[in-house]
Amino acid sequence: MHALGWSRADLVTRRDLDVPLEILEPLARRREAREPLQHLLGEVEWGELTLKVSPAALIPRPETEVLLELVLQCLRGVAAPRVLDVGTGTGVLALGVKAARPDAVVLATDVSEDALELARENAARLELDVEFVLGDLTANLAGPFNAVVSNPPYLPDADAARAQPEVRHDPSLALYGGPDGLALARRLVLEAERLTTRLALELDPRNVRVLASEMTGWTVTVHPDLTGRDRFLLASK
Ligand code: GLN
């Protein structure tokens, strides 16, 4: 479809299939070299959204759609909620919230200028109004927020040595969170204390219950991903 410039409907209805090999072959060679398909296509479909992707930010993963559902559940019944997405990357979670809840005031941070540029481009393409702020974690933003959501870098650093070739095309900054993977999530929990009474996180199944047990003063629930592994943490005060 990408090489032909066809839509899904074209694929079903058209019979004049004449694949342009001069376009397809270089793509096939890049894929053979284990470049992620999403980088070849330049975009990814994620929930209802089509997002531009690039090596500047993590390719949005399907499991993160569950995190969006969890944060939307937190916001049910709250009029004009104020929401913060920490480490927005492509902008996926912030844009997902704004698309589902047009009444929300959505802010999003990232420590990478290149990621924010991509996120801003995604917001413009989707015509969604999100405020993007450059900075570390919550970037000293002022609360209160009705919810803070984040899919922080959460893999243990040692995982880098056995990462699939495709994963090496994601920025390391987006993937790795220190020796046990929790360095950034721990700092975020501390910053969230003064900003919100609801925090929704995606974490590694190996460490989600570790962080949950450290979060004294919060009421914490753990939620599975689509494969049944502990992946999300919802905390409220
Ligand atoms: N929030 C973005 C996502 O969920 C980026 C996450 C990250 O880079 N760790 O895809």
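For this structure, a couple of remarks:
- For the chain, a Gaussian network of Cα nodes joined below 10 Å ranks P81, P60, P165 by mean-square fluctuation, and the top entry is P165.
- The long axis of helix 113-126 is offset from the longest Cα principal axis of the chain by roughly 70 degrees.
- Estimated D of the range 43-236 in µm² per second, where Rh is the Kirkwood radius over Cα pairs and Stokes-Einstein applies at 4 °C, 1.567 mPa s: 79
- Count Lys and Arg as plus one, Asp and Glu as minus one, and take only other residues whose Cβ is under 12 Å from that of D85; the net charge is then -1.
- Here the extension length gained between A158 and V105 equals 15.3 nm, from 0.36 nm per residue of separation less the Cα-Cα distance.
- Listed peptides 123-135, 185-197 by packing density, highest first (mean Cβ within 10 Å): 185-197, 123-135
- Most mobile listed residue (L201, L17, L226) in the chain, GNM with C-alpha springs under 10 Å: L17
- Taking label points 7 Å from Cα along the Cα-to-Cβ direction, E45 and R209 give a separation of 3.7 nm.
- Sorting Y154, Y176 from the fewest to the most surrounding beta carbons within 10 angstrom yields Y176, Y154.
- Computed FRET value (nearest 0.05) for T221 with A33, which takes r as the C-beta separation and R₀ as 30 Å: 0.10
- Other residues lying with their Cβ under 14 Å from the Cβ of G5 contribute a combined charge of -3, Lys and Arg counting +1, Asp and Glu -1.
- Candidates A142, A80, A104, ranked by Gaussian network fluctuation over the chain, Cα under 10 Å, top entry: A142
- Residues M1, M215 arranged by fewest to most Cβ contacts within 10 Å: M1, M215
- Only Cα pairs under 8 Å and 6+ residues apart enter the sum, and on that basis the relative contact order of the chain stands at 16 percent.
- Computed 3J(HN,Hα) for the range 212-218, one whole-Hz value per residue from the Karplus formula 6.51 cos²θ - 1.76 cosθ + 1.60 where θ = phi - 60°, is 3, 6, 8, 8, 5, x, 10, glycine and proline marked x.
- R0 of 30 Å, Cβ-Cβ distance L4-E121: FRET efficiency to nearest 0.05: 0.75
- Cα centroids of the range 25-76 and the range 166-237: 20 Å apart.
No lab work stands behind these numbers, since they all come straight from the coordinates. On a predicted model such as this, the values are computed, not experimentally measured, just so you know. Here the Cβ is made from the backbone with ideal geometry for all residues, glycine too, and neighbour counts use every protein chain on show.
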